[in-house]
Every structure is written in C-alpha cells, then in structure tokens.
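Have a look at the structure below before the remarks.
The values are calculated or read from the model by the stated rules, or taken from the named source; none is laboratory data. What you are looking at is a predicted structure, and each value in this text was computed from that prediction instead of being measured. Cβ: placed from backbone, ideal geometry, glycine included. Neighbour counts: every protein chain shown.
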Amino acid sequence: MKRYGIIFILVIVSTFLIHTWLISIGLFPIEASAQSVAIDQLFHVHLWIISFLFSLIMVTLIYSLIIFRRRKGETGDGAHLTGNSTLEITWTAIPLVAVLILAFAGAKNLGAIRVIDPSALVVKVTAGQWYWQYAYPEYGVTSTELYLPVSRQIDLQMTSVDVIHSFWVPEFRVKQDIIPGRIVELRVTPTLIGDYKVRCSELCGLRHAYMEGAVKVLSQADFDNWIAQQQSAAPISPELRGQQLASSYGCTNCHSTDGSAKTGPTWLHLFGSNVKLSDGTTVAADEDYLKTSIINPNLQVTAGFPSNVMPDFSTVLDQTMVESLVAYIKTLK
Ligand code: CUA
C-alpha cells in the first residue's frame, strides 16, 4: 500500500512538471481568431491528459525497474500472474468513458467554430501552383494579399486550379484543404489586428514550401480605406493587367517571357508566329488561338509539349482577364 502511495505522489508531481514544461516551450502561436479560443481549450485539456498518462506509465515503469530489480544473490523467478478481471475491466472502462467525454467535447467545439454568421464577408480564394489569389465580390476588388477586417466573420470560399492545396493561418488555428473543381468553405473571425501569413499545408509540388502569402487583419476603418483605395486605383492598361495576372496566377512559372525553356511553350515571339501542333498541323498564333489555349489548353497542343499539364483556368479567369493576358502576350512579339 505504501508503494502505491509513493507512486501516486510521484505521478501527480510529474504530471505538473511535464505540463508546465509543455506550456513553457510555446507550442501555440498567438490566438488571433474567435475560433482559436475553443480549439485551444480542447488542446489544453489534452495537454493535461498527455502529461498525466506519460507520468503514469513512466513513473510506474522507472519505479518498478529500481525497486523490483534483481538483487545480488537472487536467482528465482517472479510471481506468476494469470489475469486480473477487476484490473482489465477498469482499464477498459476508464478509457472508454474518457474517449466518449472527449468526443462529446470535440463535437461541441466543432459546432462552435462552424457557426455561420449570415452577415459574413465573402472572400473568394483561388489556390494554384504556387500562389494565392483573393477576390472580394461585395466590392469588386481582387488582391494577391489577404486583407481582412477585424471582428467580422469571413466566409472563405476556396477553390484550386490544379492540385489539392490547404489554407492554414496558424494564428487562426482553423485549416481547410482546397479541392480542385469544388468550392470548399472555411469560416474564421479574426480578433486581433496584425500581420500574419497563410501557408499551404498540403504537399502540392516543387514549390509547396514557398506557397506563402501575406494576411493583414485591419480595423474596420483601415479595411474600408483599403477597399476604397483599390476601387479608385487608376485603371491600368490591359497589357499591364495581363502582366500582373500572368505572375499572380502562376502562368509565368511554366511559360517564360524571354524564350527560355520551361514546362510550357515560351511566350516570346509567340503572337503572330506559326505554331506546329502535336497532330502535325500548323496554326497561326492569333488572338483566337491564344484565347482558346488559355481556356481550353488541350485542344491545340504545341508539338513537343505534353497535354493535360496546364491547369483549368476556365472557371477562374473571366473574359476581360483572358483578353488582358492576350494583350500582354502580344507585347512579347
Ligand atoms: Cu499548395 Cu502546398
């Protein structure tokens, strides 16, 4: 009985020490969203359980190794035990109850972080290899950086143009995979003004590790200013807009503008040239050809390049955007 008492005390002391250590190493970045509070609460419950279970096992193990070690002159075997029903029922029942309680708490928290606010600000997110692009339909504004007003729920409607990406701002805690050909939703309510970073947390190719983007949470007044600025920005020429689109949508990751070889055909001297296609025919690279190639890249594939490589931009780029891209490609004549 005395040994149980010693183990009990050691387990309690160890639990507090391990828990203090886990807290002190800074496992969590700052909480910057309403959703992060509920998630962190659950995490902290788990940290206590982890500390306790680790202590229970390690203290008992180390204590037994020392106290029940084979001493000098001892040659016999230990006592032979053949089962203990009370113990077996106990170690089945306690984890069962614990798991049920955690499942209930988890479901309750999931409900809390998924609450839908009908007045949420809709931001359309496009992910691609390897960039983030945002559109604010309410204001007719697009951006390559995510600007958000503080204390308002954001309804991120996300899609991918190529492979699976994943939207993750650690300070917001919530995370969502982005599936090509589908619109997935993620709701987050930023609560802390500041600069953060979105990271892609799904392995998505060569530059996955660099698929980061700025996230700025602003006061409502600063956000309104930013929107007004974007809306009143002097209209830029289609050529310049096309150049910006080519970079923000990742076109130039595959199509060089200086004639160098990349995954796709170069854009240098493309317009007005005669393009040899993989079916042996030749086509004049006029505006129609360029538009078709952007929207339906597998229709006329340039000889020497594989088909089914270019992402589907037909749902991402509207007609004006395509025309801007064509205008830009024309300048590379
Ligand atoms: Cu996108 Cu990893």
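Let's see how each residue does on (1) within 12 Å of the ligand (Cβ to nearest atom); (2) under 27 Å from Tyr328 (Cα atoms):
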| residue | (1), (2) |
| --- | --- |
| Ser166 | yes, no |
| Val169 | no, no |
| Ile183 | no, no |
| Thr189 | no, no |
| Arg199 | yes, no |
| Val215 | no, no |
| Ser219 | no, no |
| Pro238 | no, yes |
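Condition first: within 14 Å of the ligand (Cβ to nearest atom), in contact with a Ser or Thr (Cβ under 8 Å, 6 or more places away or on another chain) and more than 30 Å from Leu42 (Cα to Cα). Can you find one or more residues in the stretch 132-147 that meet it? Yes, the stretch 132-147 contains at least one residue that is within 14 Å of the ligand (Cβ to nearest atom), in contact with a Ser or Thr (Cβ under 8 Å, 6 or more places away or on another chain) and more than 30 Å from Leu42 (Cα to Cα). Which of the residues belonging to the stretch 39-76 are among the aromatic types (Phe, Trp, Tyr) and either surrounded by 12 or more Cβ atoms within 10 Å (Cβ to Cβ) or closer than 18 Å to Thr15 by Cα (or both)? Selection gives Phe43, Trp48, Phe52, Phe54, Tyr63.
The listed residues are Ala120, Ala127, Ala135, Ala209, and the only one of them that is surrounded by fewer than 21 Cβ atoms within 10 Å (Cβ to Cβ), in contact (Cβ under 8 Å) with a residue 12 or more places away in the chain, among the hydrophobic types (A, V, I, L, M, F, W, C) and under 29 Å from Gly242 (Cα atoms) turns out to be Ala135. Summed over the stretch 214-263, residues that are outside any helix (DSSP H, G or I) and either farther than 17 Å from Leu290 by Cβ or without any contact (Cβ under 8 Å) to a residue 12 or more places away in the chain (or both) total 18. Candidates Thr142, Thr126: the one that is at pLDDT below 90, hydroxyl-bearing (Ser, Thr, Tyr) and part of a strand (DSSP E or B) is Thr142. Among the residues of the stretch 201-213, count how many are more than 9 Å from the ligand (Cβ to nearest atom) and under 28 Å from Thr189 (Cβ atoms). Within the stretch 201-213, residues that are more than 9 Å from the ligand (Cβ to nearest atom) and under 28 Å from Thr189 (Cβ atoms) number 2. Looking only at the stretch 171-181, residues that are under 11 Å from the mean Cα position of the chain (by Cα), among the hydrophobic types (A, V, I, L, M, F, W, C) and within 16 Å of the ligand (Cβ to nearest atom) come to 1 in all. Taken over the stretch 264-285, the residue count meeting the criterion of being under 24 Å from Gly250 (Cβ atoms) and in a loop (DSSP other than H, G, I, E, B) is 11. Would you check if there is a residue in the stretch 310-325 being modelled with pLDDT of 85 or more, surrounded by 18 or more Cβ atoms within 10 Å (Cβ to Cβ), of a type in the set (Gly, Ala, Ser) and within 15 Å of Thr142 (Cβ to Cβ)? Scanning the stretch 310-325 turns up at least one residue that is modelled with pLDDT of 85 or more, surrounded by 18 or more Cβ atoms within 10 Å (Cβ to Cβ), of a type in the set (Gly, Ala, Ser) and within 15 Å of Thr142 (Cβ to Cβ). Gly106 meets all of the listed conditions (1) surrounded by 17 or more Cβ atoms within 10 Å (Cβ to Cβ); (2) more than 17 Å from Glu31 (Cβ to Cβ); (3) in contact (Cβ under 8 Å) with a residue 24 or more places away in the chain but one, namely (1). Each residue in the stretch 1-34 was checked for being surrounded by fewer than 13 Cβ atoms within 10 Å (Cβ to Cβ) and within 30 Å of Lys175 (Cβ to Cβ), and 7 pass.
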